[in-house]
Amino acid sequence: MSGAKQYDRTALLDVAMDLFHRQGFHATTTAALVDALGVNRKSMYAEFGSKQGLFDAALDHYDSTSLSAVLAATESGDAGLEAIRSTFAGFAAASEDWAQGRGCLLCNTAIERAVLDGSSGDRVDAYFERLTKAFRAALEAAQRTGEIDPAANVTDLSAFFTMTLVGIATLAKGRADPQQIHAATRVALSVLDDLKPVERGLSDERCNWPGRFIVGGGFLGLEESPFEGDGKCVEGGLPAVHPAFLP
């Protein structure tokens, strides 16, 4: 039929998304896009308007396909702490496979394009908001089920998990040793273990907690701690719990 498109838009977006993911925006030339997409320049511009328009469409496609799959557990209606663990474990595992040298397309865009282009910046902001919203919802659900202390500051914690996940994706882009990424993931997820409801005024036998609770350590904003540098309780002290986790 005359005038009918000889290509599938979704198929073009799959190819463009992969190319931008591997090479970034600036290193991907219009000529490379035309060659990879298998369409002429006129058709590409007619469909997407410009290279930037194609990039924006590829980011939206990535958000609705790849990210939706990766974040499925955390964004499900019954998400809790296990969903957060699953999301981080998935990112860490990907650092040994497809994410090595690629990272996350939207995280890469945050570094390369967010401050240079408004449309890219808006998509990066929406991505960060999506992550934070998902983590917050999972943490609030965990509070309702009693998995974590009801006084835990889920706003700060969701921001922490968002920035940590972005950092892990960036490490994968930089081809960091996957074992380092797994180690960073374990430390980040150890925070979840410290969110369990804790009563104040426990006996000193509970004071020999992990060494991250140390004087001046400031882990997750810890303002003061009854622990000395060896992780032992100072005489008369109470178990160290982040102030955000106590009423």
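No value in this document is a laboratory result; all are computed from the given coordinates. The structure presented is a predicted model; accordingly, all values stated were derived computationally and were not measured. When we count neighbours, we look across all protein chains shown, and the Cβ atoms used for this are built from the backbone with ideal geometry, even at glycine.
Tally Lys and Arg at +1 and Asp and Glu at -1 over the other residues with C-beta under 15 Å from the C-beta of residue 168: what net charge comes out? List each step's numbers first, then the result.
Values: positive: 85, 102, 173, 175, 186; negative: 96, 97, 177.
Value of the local net charge: +2.
Between residue 193 and residue 76, the contour length at 0.36 nm per residue exceeds the Cα-Cα span by 40.0 nm. What FRET efficiency comes out for the pair residue 23/residue 145, r = Cβ-Cβ distance, R0 = 45 Å, nearest 0.05? So the FRET efficiency works out to roughly 0.55. Of the chymotrypsin sites (Phe, Trp or Tyr not before Pro) in segment 1-101, the ones in a loop by DSSP (not H, G, I, E or B) with at most 14 other beta carbons within 10 Å are 7, 98.
Across all Cα atoms of segment 1-144, the radius of gyration (one decimal) and Dmax (whole number) stand at 17.3, 60 Å. Note on residue 41/residue 115: beta-carbon distance plugged into 1/(1 + (r/R0)^6) with R0 of 35 Å gives a FRET efficiency of 0.75. Applying both filters, DSSP loop and at most 14 other Cβ atoms within 10 Å, to the GluC sites (Glu not before Pro) of segment 58-139 gives 96.
Quick check on segment 18-69: what are the equivalent-ellipsoid semi-axes from the Cα gyration tensor, as sqrt(5λ), descending, whole Å? Provide the component values of the computation, followed by the final result.
Values: eigenvalues 73, 32, 17 Å².
Working from the Cα gyration tensor, I get semi-axes of 19, 13, 9 Å.
Using Cα positions and a limit of under 28 Å, work out the lysines in reach of residue 51, with same-chain residues fewer than 8 apart set aside. Hits, sequence-local ones excluded: 5, 42, 173.
Once the Cα-Cα distance is subtracted from the 0.36 nm per residue extended length, the residue 186 to residue 50 segment shows a gain of 44.7 nm. Look at where the Cα atoms of segment 5-44 and of segment 149-163 average out, and the two centres are 39 Å apart. Sorting 191, 124 from the fewest to the most surrounding beta carbons within 10 angstrom yields 191, 124.
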